[in-house]
Amino acid sequence: MTAMIRNLIGLATLAAILASAGCDYFAVHSGPDSQSDGRYLISVHAEASPLEEASANATDVDSFVDHQPNLFPDATRSRDATQQPSGTNAPPILSVTMQSGRIEGLPIGLFSDTTLLMRSNGQISYLPTHEIVSHSVTGQPFVAQGLGGMQQDLQSEFGSRYSIRYASPYLVVAKSGRIGTWCERFQKFHSSMRSYCLTYGIPLRNLDFTLIAIVFESKREFFEYARNEGSSIPSNCVGYYSQKSNRIVLFENDNPKDMDSTLETICHEATHQFAFNAGLHQRLAETPKWLMEGFAVQFEAPAYCNFTTRNHASFWPTSQRQAWDELKSDRNRLQQLFQDLIATDEPFKGDVLNAYTVSWAMNTYLSQRRGPQYVAYLRKMGSMKPFTTYSRGDRMRDFSSAFGSDISWMVREAIHHLDRMR
């Protein structure tokens, strides 16, 4: 109760500051079911780690700032991520003085012991309440950092050993002799992703931020960077996407035998980054893991990520074909996995390979055979409110509303569809 009172006082204080600044862009909620006319706040999407961190530190979370699916709603046409918006629709910057210095950004989460601030480069900063000295609204609108400023910041961060190059919509950090190769890879992946979405009618919003891809020269540097930013990754990891930093991070793998698996991982993580920034998922919301991971596994297939043979390559991800063949031989087990993944993320904690395989199969079948319903479901998941619990019952109800409740029929149709896929 005490924590909840402190939270509400903090919300009221921020609301008063915003009102005194003549700002009507923000709507501070006293509860997740509150109605609001707040406009023009950035859409934010969740991964497991930030959500679990926020929940663990703030059990009385019941408030957040409202959001819209585009940071710059007056931009109705395709816009390069480096362009600045015109007009006055951008929300104002909140300046927070910490014990260690000043930090500015857009407040996207207010908790009893933590404030979440979206930075102009797309990173999310977690500010402990006890370290906040003061805060105020500036007269400046919140806009995405320009390309030149991001390049300078990255060069300062990584030093002269690394080059920074823009390859729309990416800023790539890599060694000088390899940066051209990596720019080409990321741009080809981006082309694959956009082509896929166009083919299956999946709408994409304009990117609010330039996408940052970091390629370290060595495995040692890669793990040191992950450790310093607080990312917990397994020892066999070759790349990851952090929703907190909004960056994809990987390292050069000199072993030709590992190149295919490395490219698969890169395409998988780059899919997460793109989906979170293009409005397909929502940062800091409980997106069902079968949707999030299954969507990304699709792009591990050689047809999407093996750029040298893609015209004649398979749409089957390498690690999924054998697992799917074994699963479909036990129809009851397969149907149970479908049902479990719809209702909960628990299968990912135990039966990991099969959880990823069935998630891939669900996304592949639904996107290719149930396109309109799949697009509507993606839209719903992409507009979920941050920091709210997505219950088992709500997950099942939303899925049934989109695709029906006959899982047995759906399993049969998925098997039939995938049996015909090259």
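Rule-based calculations on the coordinates, nothing more; no lab input. In this text, all values refer to a predicted model and were calculated from it rather than measured experimentally. Here Cβ is always computed from backbone atoms with ideal geometry, including for glycine, and neighbour counts include all displayed protein chains.
So here's what we get for this one:
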read-out: Dipole moment magnitude, nearest 20 debye, the stretch 147-277 about Cα centre, only Lys, Arg, Asp, Glu C-beta charged; value: 180 debye
read-out: Two-decimal ratio, the stretch 294-362, of alpha-carbon radius of gyration to 2.2 N^0.38 Å; value: 1.18
read-out: 5 angstrom amide H check on ILE93, placed H, neighbours 5+ away; value: THR138, GLN140, PHE142
read-out: Cβ-Cβ FRET estimate between GLU346 and TYR166, R0 fixed at 35 Å, reported to 0.05; value: 0.25
read-out: Two-decimal Rg/Rh across the stretch 98-193, once Rg and the Kirkwood Rh are taken from alpha-carbon atoms; value: 1.08
read-out: Sequence-distant residues sharing a close amide H with THR115 (under 5 Å, placed H); value: LEU127, THR129
read-out: Alpha-carbon gyration tensor eigenvalues x 5, square-rooted, for the stretch 289-419, Å; value: 24, 18, 15
read-out: For the stretch 147-277, the fraction of alpha-carbon pairs in successive 5 Å shells from zero, as %; value: 2, 10, 20, 25, 21, 13, 6, 2, 0
read-out: Estimated FRET transfer efficiency when R0 is 35 angstrom, pair GLN368-PHE223 (beta carbons, to 0.05); value: 0.40
read-out: Local net charge near THR138, Cβ-Cβ under 13 Å (Lys/Arg +1, Asp/Glu -1); value: 0
read-out: Fewest-first ranking of ARG220, ARG185, ARG395, using other Cβ atoms within 10 Å as the exposure measure; value: ARG220, ARG395, ARG185
read-out: Cα centroid of the stretch 228-245 to Cα centroid of the stretch 323-396, whole Å; value: 24 Å
